[in-house]
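Chemist: Let me begin by handing over the structure; questions about it come next.
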Amino acid sequence: MKILVTGANGFIGRPLCNTLLARGFSVRGTTRLYDKSFRVPNVDFFAVGNVGAHTDWQGVLEGIDTVVHLAAKVHTASAKDRRKLEEFIEVNTRGSEQLARSAAKAGVHRFIYLSTVKVNGEETGRGIFAESDTPNPTGPYAISKCKAEQALFHVAEETGIETVVLRPPLVYGPGVRANFLKLIDIVTQNVYLPFGLIDNCRSFVYVGNLIDAITTCITHPNAPAETFFVSDDKGASTPDVMRMIASAMRKDLRLVPLPPLLLGIMGSLIGRGAEVKRITGSLRITNDKIRNILGWKPPFTLEEGIYETVRWYQAR
């Protein structure tokens with residue numbers, strides 16, 4: 001079976017390609033630009049340029065059985081900026097639809113799309129999201145991903161291409177960037193941190209677990225026409241994640257019991273309100289559906305994933 005992985009040079013794409021090869025698949029990868037420094041042995045790479053409504057996928061899709069579509073525009077922008085929203089929709093919505101239609105035309109059997117939990121919203125409070133909940137995306141990234149899901153299932157109805165959508169929460173692991181990397185950086189500074197009273201719960205997914213779920217969806221007969229949350233088996237509070245990071249580093253963690261409300265006020269005063277909300281708020285999902293329908297279970301625990309991430313961080 002031959003698999004096309006878009007965004008193959010990324011944080012998820014690179015280890016996915018290696019895992020697929022190790023499991024006996026033939027793999028082709030795409031990147032936006034040609035980069036001669038990037039190589040994965042036994043993977044053929046194509047530079048396709050900017051992904052959008054008019055991307056030419058014809059030669060790339062020849063002989064492909066399944067597409068795993070990871071490539072996306074991910075940088076955040078103000079939801080009030082209509083120009084930025086249009087940029088996200090061009091790449092993440094129209095670009096995904098164009099690829100799916102091209103794949104169906106080329107005879108591809110299955111299309112796996114990496115979406116985001118943000119399609120459901122930014123925060124659960126004391127509740128928990130379910131795949132059946134009405135979408136509530138905020139911000140250009142989440143809106144464009146939600147629209148992409150709708151477009152892809154419409155293409156599936158029209159063409160018969162088998163479509164699977166995965167909605168992960170924050171993905172972490174070796175090579176991670178953005179918020180999780182910042183969290184590790186904070187712990188390494190060995191300073192007093194004002195997070196001792198935070199009592200939230202957030203879901204995460206280790207990159208190895210996400211890759212295992214993607215691989216399961218490639219071959220499982222019950223995967224098509226489904227939307228799945230993919231997460232580690234348990235969530236954790238922000239202080240607990242920081243404790244796991246500190247433990248893996250064999251460091252002491254110094255947490256000061258500052259009320260979350262005061263943290264929010266202080267964050268707003270310095271223009272960091274959104275960041276503080278992510279640290280103090282809850283975003284919980286369950287992987288029950290993918291476990292029940294596909295028999296999948298994450299091969300790594302949260303503690304194991306954090307340990308491997310810290311090992312990578314310290315070896316950089």
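Chemist: Could you calculate the FRET efficiency of Tyr307 with Val74 from 1/(1 + (r/R0)^6), where r is the beta carbon distance between them and R0 is 22 Å, rounded to 0.05?
Modeler: 0.30
Chemist: Considering the values (1) 23.9; (2) 22.9; (3) 20.4, which represents Kirkwood radius over Cα pairs in Å as calculated for the structure under consideration?
Modeler: Correct label, based on the coordinates given: (3).
Chemist: Of all DSSP beta bridges located in the chain, what percent are antiparallel, nearest 5?
Modeler: Around 5 percent antiparallel, to the nearest 5.
Chemist: Quick check on packing: order 85-98, 183-196, 300-313, 124-137 by the mean number of other C-beta atoms within 10 Å, highest mean leading.
Modeler: Top to bottom by mean Cβ count within 10 Å: 85-98, 300-313, 183-196, 124-137.
Chemist: If amide H atoms are built 1.01 Å from N in the plane of the peptide, which residues on other chains or at least 5 residues away come under 5 Å of the amide H of Glu226?
Modeler: Val165
Chemist: Here's another thing I want to ask about it. Can you list residues whose amide H is under 5 Å from Phe45's amide H, if they're 5+ apart or on another chain and H is modeled 1.01 Å from N?
Modeler: The list, which skips near neighbours in sequence, is Gly29.
Chemist: Further, regarding this structure: Where does the charge balance sit around Ile112 when Lys and Arg score +1, Asp and Glu -1, over other residues with C-beta under 11 Å from its C-beta?
Modeler: Neighbour charge sum, excluding Ile112 itself: -1.
Chemist: Read phi for every residue in the range 24-35 and hand back ³J(HN,Hα) as whole Hz from Karplus 6.51 cos²θ - 1.76 cosθ + 1.60, θ = phi - 60°, with x for Gly and Pro.
Modeler: x, 7, 8, 10, 10, x, 10, 10, 6, 10, 6, 9
Chemist: Filter Lys84/Lys118; Lys145/Lys251; Lys84/Lys297; Lys118/Lys251; Lys2/Lys84 down to the pairs with a C-alpha to C-alpha distance above 28 Å, please.
Modeler: Pairs exceeding the cut-off: Lys145/Lys251; Lys84/Lys297; Lys118/Lys251; Lys2/Lys84.
Chemist: Right, here's the next one. First select every other residue whose beta carbon is under 10 angstrom from the beta carbon of Ala246; then total the charges, Lys and Arg +1, Asp and Glu -1.
Modeler: Spelling it out: positives minus negatives among the neighbours equals +3.
Chemist: Count the DSSP beta bridges whose two residues both fall in the range 2-167, then state the antiparallel fraction as a percent rounded to the nearest 5.
Modeler: Antiparallel bridges make up about 0 percent of those DSSP assigns within the range 2-167.
Chemist: Mean residue ellipticity at 222 nm from the helices of the chain, using -39,500 (n - 2.57) per DSSP H segment of n ≥ 4 over the full residue count, to the nearest 500 deg cm²/dmol?
Modeler: -12000 deg cm²/dmol
Chemist: Under a Cβ-Cβ cut-off of 15 Å, what is the net charge of the residues other than Arg311 that fall near it, where Lys and Arg count +1 and Asp and Glu count -1?
Modeler: That works out to 0.
Chemist: So which helices of the chain fit the span-like rule, where a helix is a whole DSSP H run, its Cα atoms reach 27 Å or more along the axis, and its mean Kyte-Doolittle is at least 1.0?
Modeler: none
Chemist: Ranked highest first by average number of other Cβ atoms within 10 Å, how do 2-14, 287-299 line up?
Modeler: Top to bottom by mean Cβ count within 10 Å: 2-14, 287-299.
Chemist: Now a separate question. May I ask you to derive the relative contact order of the chain, considering only C-alpha pairs under 8 Å and at least 6 residues apart, and to give it as an integer percent?
Modeler: This gives 17 percent for the chain.
A short reminder: the numbers here are calculations on the coordinates, not readings from a lab. Computed from a predicted model, the values in this text were never measured in an experiment. Note that each Cβ is placed from the backbone with ideal geometry, even for glycine, and that neighbours are counted across all protein chains shown.
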